[in-house]
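Every read-out reported here was derived from the displayed coordinates using simple, explicitly stated rules and does not represent laboratory data. Bear in mind the structure is a predicted one, so any value in this text is a computation, not a measurement. Quick reminder, even Gly has a Cβ in these numbers, built from the backbone with ideal geometry, and neighbours come from all protein chains shown.
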Amino acid sequence: MAKLPSLSQNAHLSELFGKFPASRDTMMAFTEVVMRGEGELSVAERELIAAYVSGLNRCTFCFGSHLIYAQAFGIDAGVLEALLDDPQTAPVSDKLRALLQYLAKLNTLPSRIVQGDIDAVLAAGWSEKALFEAVQIAGMFNMMNRIIEGTGVSFDYAEDASIHPTTKLGGRAQEHSYVSTPMGQKT
């Protein structure tokens, strides 16, 4: 339910950005770099992290949106559900599990991150660059989740996935750009 009186009851991110556009382009440009720019993490891994962090934060809008993106890039929806239910038994590699465990701790207890947490991610086979990319994604989605939850963006892609940008692209999800089709823009 919308918290800002000027938003509709089933508000979408595009509606919020339409009312308050000042930071939209900058935010979408940063999102493009983090989610689609050159890096060590695959786009599928990035979308999985975005959905995972949003799921941990119980942000329905971002979880639903990035679950659809993750699926478009080859991640099974059941993997994300399993990660949120029990990360220890979820069907992911030990390498990915180590990274996601770090991100879960960063998400809930950032002041308790210790060198051993970072060492575990590096020992699992991730580089410092990949870890930094994952931290950027987690940080960016914590910010977006709070903007969305704080204003009452309540659109749920589970109820209407037909307006998701990947629907317009069909099987060409790799062509999606946050700058040309900003996150939250209805298609």
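A Gaussian network model of the chain, with springs between Cα atoms under 10 Å, assigns the largest mean-square fluctuation among Arg112, Arg58, Arg24 to Arg112.
Dipole size of region 23-163 about its Cα centre, with +1 on Lys/Arg Cβ and -1 on Asp/Glu Cβ: approximately 360 debye, rounded to the nearest 20. Evaluating 6.51 cos²θ - 1.76 cosθ + 1.60 at θ = phi - 60° for every residue in region 50-59, the Karplus couplings come out as 4, 5, 4, 4, 5, x, 4, 7, 6, 8 Hz, glycine and proline recorded as x.
Between helix 60-72 and the chain there is an angle of about 70 degrees, using the helix long axis and the longest principal axis of the Cα atoms. Using 0.36 nm per residue and subtracting the Cα-Cα separation, the extra length available between Asp160 and Asp119 on full extension is 10.6 nm. Ordered by the number of other Cβ atoms lying within 10 Å of each residue's own Cβ, fewest first, Ser54, Ser65, Ser154 fall into the sequence Ser154, Ser54, Ser65. For the chain, the calculated P(r), taken from all Cα-Cα distances in 10 Å bins from zero up to the bin holding the longest distance, is 9, 38, 36, 15, 2 percent. Applying 1/(1 + (r/R0)^6) with r as the Cβ-Cβ distance of Gln9 and Met143 and R0 = 35 angstrom yields a FRET efficiency of 0.90.
3J(HN,Hα) couplings calculated from phi for region 9-26 with the Karplus curve 6.51 cos²θ - 1.76 cosθ + 1.60 (θ = phi - 60°) are, in sequence order, 5, 10, 4, 10, 4, 4, 5, 4, 5, x, 7, 10, x, 3, 9, 3, 5, 5 Hz; Gly and Pro show x. Once the Cα atoms are used to define both axes, helix 94-108 deviates from the longest principal axis of the chain by about 60 degrees. Seen against the Cα atoms of the chain and their longest principal axis, helix 128-151 is set at about 30 degrees. Only helices enter the 222 nm calculation for the chain: every DSSP H run of n ≥ 4 contributes -39,500 (n - 2.57), and dividing by all residues gives -18000 deg cm²/dmol, rounded to 500.
Ordering Leu4, Ala22, Val33 by the projection of their Cα atoms onto the charge dipole of region 1-57, which places +1 on the Cβ of Lys and Arg and -1 on the Cβ of Asp and Glu, puts Leu4 at the extreme positive end.
Going from the residue with the fewest nearby Cβ atoms within 10 Å to the one with the most, Val53, Val33 rank Val33, Val53.
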